[in-house]
1. Tell me, what ³J(HN,Hα) does each residue in the range 131-139 have, in order and in whole Hz, if you take phi through Karplus 6.51 cos²θ - 1.76 cosθ + 1.60 with θ = phi - 60° and put x for Gly and Pro?
2. So what are the ³J(HN,Hα) numbers for the range 25-39, from phi and the Karplus equation (6.51, -1.76, 1.60; θ = phi - 60°), rounded to whole Hz, Gly and Pro as x?
3. Taking K and R as +1 and D and E as -1, what net charge do the other residues with C-beta under 11 Å from the C-beta of Leu26 add up to?
4. Counting other beta carbons within 10 Å of each Cβ, put Asp71, Asp86, Asp98, Asp80 in order, fewest first.
5. Calculated from the structure, Cα Rg over 2.2 N^0.38 Å equals which of [x] 1.01; [y] 1.30; [z] 0.94?
6. What is the distance, in nm, between label points placed 7 Å from the Cα along the Cα-to-Cβ direction at Val22 and at Met1?
7. Which far-off residues, 5 or more places away or on another chain, put their amide H under 5 Å from the one on Val89, with H placed in the peptide plane?
8. Take every DSSP beta bridge with both residues inside the chain and express the antiparallel ones as a percent of the total, to the nearest 5.
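What follows draws every value from the coordinates through simple rules; no lab data is involved. Being a predicted model, the structure only gives us computed values, none of them experimental. All Cβ positions, glycine included, derive from the backbone under ideal geometry; neighbour counts span all protein chains shown.
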Amino acid sequence: MIQKATELGITKFLPIIFDRTVVRKLNKERLQKIIIEASEQSNRINVPIVEESQNLNDFLKTSSIDLIFTDLNSNNNKIDKSKLTDKPVCIIIGPEGDFSEAERQKILSFKGVQPIKINENILRSETAVISAISIINYVIN
């Protein structure tokens with residue numbers, strides 16, 4: 001997932017620990033190696049950074065982002081480009097097993113969040129990342 005997201009142009013990774021997150025500890029050194037290799041492969045000058053893991057509540061305190069929420073339960077399947085500001089766009093992808101209902105409600109209460117259903121099928125997290133980035137890159141560019 002890190003490799004493909006880097007190749008698709010992501011600039012920062014913000015790992016979030018959800019209720020249903022399986023892997024709770026990241027090997028940042030290994031991730032950096034993957035990111036550097038993917039950056040070289042895709043001829044990127046700027047190498048993405050990996051932030052420290054955080055919980056959902058801490059993440060949602062960030063107000064300097066336009067949040068796109070990949071929500072399996074949403075009826076919306078389009079990004080409203082007019083709602084995007086000059087803030088960085090952040091895509092939130094759920095863990096295997098999806099978000100808990102409490103997490104979903106917290107995310108939906110974020111100011112300016114855009115929930116989007118990226119596929120009719122339930123996707124693995126790795127696939128959802130590639131799909132969401134591709135959709136949003138298409139809309140923005």
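1. 4, 5, 4, 5, 4, 6, 4, 4, 5
2. Coupling constants for the range 25-39: 10, 9, 9, 4, 4, 5, 4, 4, 5, 5, 5, 5, 4, 5, 5 Hz.
3. Details: positive: Arg24, Lys25, Lys28, Arg30; negative: Glu29, Glu51, Glu52.
So the environment of Leu26 carries a net charge of +1.
4. Details: Asp71 21, Asp86 5, Asp98 17, Asp80 10.
By the 10 Å Cβ count, ascending, the order reads Asp86, Asp80, Asp98, Asp71.
5. So the structure-derived entry is [x].
6. Each label point lies 7 Å from its Cα, and together they span 1.0 nm.
7. Here the answer is Asp66, since their amide H atoms fall under 5 Å of that of Val89.
8. Values: 0 of 11 bridges.
Restricted to the chain, the bridges split so that about 0 percent are antiparallel.
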